[in-house]
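Where a number appears in this text, it was derived from the coordinates with a stated rule and is not lab data. Worth saying up front: this structure is predicted, and the values here are computed from it rather than measured. No Cβ is skipped: glycine too gets one built from the backbone with ideal geometry, and neighbour counts run over all protein chains shown.
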Amino acid sequence: MKIDDWGINNQINKHELVQIFASIVPENSLLFETEDLKPYECDGLSAYRQLPLMVLLPETIEQIQSILRICYQYEIAVVTRGAGTSLSGGALPLENGIVLSLAKLNKIIEIDQDNFTARVQPGVRNLAISEAVSAHGLYYAPDPSSQIACSIGGNVAENAGGVHCLKYGLTIHNVLQLKVITMEGDLLEIGSEALDSPGYDVLALMHGSEGMLGVVVEVLVKLLVKPKVIKVLMASFDQVTTAGEAVSKIISNGIIPAGLELMDKSAIRAAEDFIHAGYPVDAAAILLCEVDGSLAEVDAQIEQVQKVLKQSGAMDIQIAVDEEQRKTFWAGRKAAFPAVGRLSPDYYCMDGTIPRFQLGKILQRIHDLSEEYGLAVVNVFHAGDGNLHPLILYDANIPGQLDETEKMGGEILSACVELGGTITGEHGVGVEKLDQMCIQFNASELQQFLDIKTAFDTKNLLNPGKGIPLLHRCAEFGALHVHHGQLPHPELERF
């Protein structure tokens, strides 16, 4: 992976900067010694590491405003960090920049039972919201696999989804309002407590912006009433492509499950060895399908799903007998990533999206690439919405194998675009997918992204070098798309 050089034109030395920041945050919230910076050198994409200039852990909105105003004045880059679970290098530090950790902003400010909302700080863990409102019969729907650790601010930055996003949507569909601080230190209130607000939909723009437009300091999330009945069934197949085709048939029959997940043989065996979820280890693939609602609604949908699965070639169908088994089925799926970590010294977690009806084709393409590169792949899918997470197994200690792994991953993402999909579903672009952005978008489209970035961050100090590739990078990658002979805008060269 090639990362563009983002040298920062600092007008102040490190010692002076430490003194200034020491007057803003407590002593234990300012880290600048090498041993203290080590835990912040990477996010979940651990193949790439870089020590920042320093790390700040503010405790108030006012402290964040002061920090950003200083950084704006002296042109110091800022990488905002949540829990560090990002898998695309979105929180990778810059050598001459600071990491702004929001870990200490971890309070649930207010729970409004009447309006089904919770106002939380960005450092609150995803799962902690549901835990806090459970006694009221409520929960927060988006549930990434990392929900036990990932923060709600990071979920906004990446527009995270999870196994239940098929029915209940991504983070954007479950947030009403944000408080955001600009690079200049201004506090903005975006969205409202109502379902809509006038003007441009800046609330949607902030979701998935990967910390490049502002610093989220408060989030108003929607809460849902817990379903009266939840049932999950597990179907096993003798071919992974057959399981993929069954997904489209379920949706085309008018059934929208709460969750619909696919795991291939390698993922099944890894999860079963790790969690002992009762998965059929001899199956080529399994589908986990969850439906919720009233008893009559759930029973009717379960009957429909069973019928579709049998017609689609399912070898066996098992319905969880109780709540404990239902949770166990899902525990295996949610533990798939750490379980795969037991199979190989390293793995590379990809993230792309394709139309559901193309699942069979992308699975075949991944299989062909696995044989071509000689690298094993474990497949875990949010199958219902076409979001795939192939895990490429490799050994970083073998010279050149990481490069080959990245090259193979790039080909998988290119295949997603060719099949009518996108290069990411919920992990974001970060530094990982900059080359593939050149395939997904043409020069004019990239210019629109840069214009939006400039409108919010005139000096390009918020997470620079992430998300949007430079024109020369696309040209070097050989994937620059220019429509109708139009020359790329010169602004592309400036960033």
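Give the residues of the stretch 62-97 whose amide nitrogen is closer than 15 Å to a point set 7 Å from the Cα of Gln11 in the direction of its Cβ.
What the label zone holds, given the 15 Å backbone N cut-off, is 69-77.
Which residue, chosen from Ile392, Leu30, Gly89, occupies the Cα position most advanced towards the positive end of the dipole of the chain, where the dipole is computed from +1 (Lys, Arg) and -1 (Asp, Glu) charges on Cβ about the Cα centre?
Ile392
Of the peptides 360-370, 150-160, 166-176, how do they stack up when ordered by the mean number of other Cβ atoms within 10 Å, highest first?
150-160, 166-176, 360-370
Tilt of helix 323-334 relative to the longest C-alpha principal axis of the chain, in degrees (0 to 90, nearest 10)?
50 degrees
Spin-label point model (7 Å from Cα, Cβ direction): what's the Phe116 to Tyr200 distance in nm?
3.1 nm
How far apart, in nm, are two points set 7 Å out from the Cα along the Cα-to-Cβ line at Ser444 and at Lys407?
The answer from the label model is 3.5 nm.
Excluding Val219 itself, calculate the net charge of residues whose Cβ lies under 10 Å from the Cβ of Val219, where each Lys or Arg counts +1 and each Asp or Glu counts -1.
That works out to +1.
Measuring from label point to label point, each 7 Å out along Cα→Cβ, what is the Val281 to Glu33 span in nm?
4.8 nm
Val229 to Gln364: FRET efficiency via 1/(1 + (r/R0)^6), r the Cβ-Cβ distance, R0 60 Å, to the nearest 0.05?
On the way: r = 37 Å, r/R0 = 0.62.
Efficiency computed from Cβ-Cβ geometry: 0.95.
What is the dipole size for the chain, taken about its Cα centre, with +1 at each Lys and Arg Cβ and -1 at each Asp and Glu Cβ, in debye to the nearest 20?
600 debye
Over the stretch 108-225, calculate the relative contact order: mean separation of alpha carbon pairs under 8 Å at least 6 apart, over the residue count, as a percent. Before the final figure, lay out the partial values.
Details: 233 pairs, mean separation 37.4, N = 118.
Dividing the mean separation by the residue count of the stretch 108-225 yields 32 percent.
Note down the relative contact order for the stretch 344-434 as a percent, whole number, built from C-alpha pairs under 8 angstrom at least six residues apart.
It comes to 40 percent, rounded to a whole number.
At 25 °C and 0.890 mPa s, grab the translational diffusion coefficient of the stretch 275-351 from Stokes-Einstein with a Kirkwood Rh over Cα pairs, rounded to a whole number in µm² per second.
168 µm²/s
Let me know the charge dipole size of the stretch 344-434 about its Cα centre in debye, to the nearest 20, where only the beta-carbon of Lys, Arg (+1) and Asp, Glu (-1) is charged.
340 debye
Calculate log10 I(q)/I(0) of the stretch 108-225 for q = 0.11, 0.22 Å⁻¹, where I(q) comes from the Debye formula with a single equal point scatterer on each Cα and nothing for solvent.
Log10 of I(q)/I(0), two decimals: -0.31, -1.32.
Counting only Cα, what are the radius of gyration and maximum Cα-Cα distance Dmax of the chain, in Å?
22.8, 70
Relative contact order for the chain: what is it in percent, counting Cα pairs under 8 Å that are at least 6 residues apart?
Rounded, it is 14 percent for the chain.
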